[in-house]
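Read the structure below first, then the notes.
The values are calculated or read from the model by the stated rules, or taken from the named source; none is laboratory data. Here the structure is a predicted model, which means the values were calculated and not measured. Here the Cβ is made from the backbone with ideal geometry for all residues, glycine too, and neighbour counts use every protein chain on show. For accessibility, only protein heavy atoms count, side chains too; no ligands or nucleic acids. Shrake-Rupley method; radii C 1.70, N 1.55, O 1.52, S 1.80 Å.
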Amino acid sequence: MTAVLYYFDGRGKAEIVRLAMAAANIPFTQEFVREKKQFETMRAEGKLLFGQLPMVEYEGHHLVQSGSMARFFAEQGGLIGSNEEEKLKIDILFEGTRDFNSAFMPYGFLGFKEVLDNAKATAMPRYLPIYNKILSRNGSNGYMVGSKLSLADLGLLEVVLTIEELLGEEELN
């Protein structure tokens with residue numbers, strides 16, 4: 001069954017859901033919400049439990065909350081670890097990527113330069129060394145936990161893509 005992702009025309013909170021569905025081989029289409037009326041109709045129909053997007057229609061359900069959806073689809077694709085220790089590590093690292101990525105989220109609502117300058121000064125020096133250390137400790141095999149792709153890797157990929165798009169690849173050196 002094909003999932004349908006509803007979100008605004010941009011990465012935002014839906015990007016981690018897209019990455020998780022793609023990595024889990026869940027076929028999906030996207031419906032961009034471009035008009036306030038579309039959004040209000042979904043809310044009035046009760047499709048948005050907390051009155052916000054993103055939302056995924058999947059197997060007769062209206063899934064909300066990007067972190068929960070990412071975990072759900074990661075579970076479907078075997079991307080959450082092979083034992084309890086791996087599952088815990090992956091979840092901790094994934095949650096760290098949520099915190100890291102949140103430094104960039106307000107750029108669409110606040111001053112672009114102010115948000116990016118703050119992320120460069122605080123979030124990047126705080127989080128990038130941690131993730132570099134985790135990757136090195138795992139034998140530099142390209143994965144944060146174990147020897148295959150996980151939700152933690154997808155979370156870090158999302159932040160790296162954000163940094164590359166908003167600040168340029170050279171910021172990752």
By what distance, in whole Å, do the Cα atoms of segment 3-77 stretch along each of the three principal axes, largest value first?
34, 23, 18
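DSSP loop chymotrypsin sites (Phe, Trp or Tyr not before Pro) in segment 1-78 with at most 14 other Cβ atoms within 10 Å of their Cβ, which ones? Could the numbers behind the result be given before it?
On the way: sites: Y6, Y7, F8, F28, F32, F39, F50, Y58, F72, F73; in loops: F8, F50.
Those satisfying the criteria are F50.
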Relative to 2.2 N^0.38 Å, what does the C-alpha radius of gyration of segment 84-171 come to as a ratio? Two decimals please.
1.12
Count of lysine pairs in the chain with Cα atoms under 28 Å apart, counting only pairs 8 or more residues apart in sequence or on different chains?
19
How many percent of DSSP beta bridges within the chain run antiparallel, rounded to 5?
60 percent
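Per DSSP H run of at least 4 residues, take -39500 (n - 2.57); add these up for the chain, divide by its residues and hand me the 222 nm value, nearest 500 deg cm²/dmol.
On the way: 7 runs with 86 residues, N = 173.
Taken over the chain, the calculation gives -15500 deg cm²/dmol.
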At 1.4 Å probe radius, can you tell me the per residue accessible area of the chain in Å²?
56 Å²
If each part is reduced to its alpha-carbon centroid, segment 79-155 and segment 5-47 end up apart, in Å, by 23 Å
Per DSSP, the loop-located GluC sites (Glu not before Pro) within segment 13-47 having at most 13 other beta carbons within 10 Å are E35, E45
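Of all accessible surface on the chain at a 1.4 Å probe, what whole percent is carbon and sulfur?
52 percent
If you average the sequence gap of Cα pairs under 8 Å that are 6 or more apart and divide by the length of the chain, what percent do you get for the contact order?
22 percent
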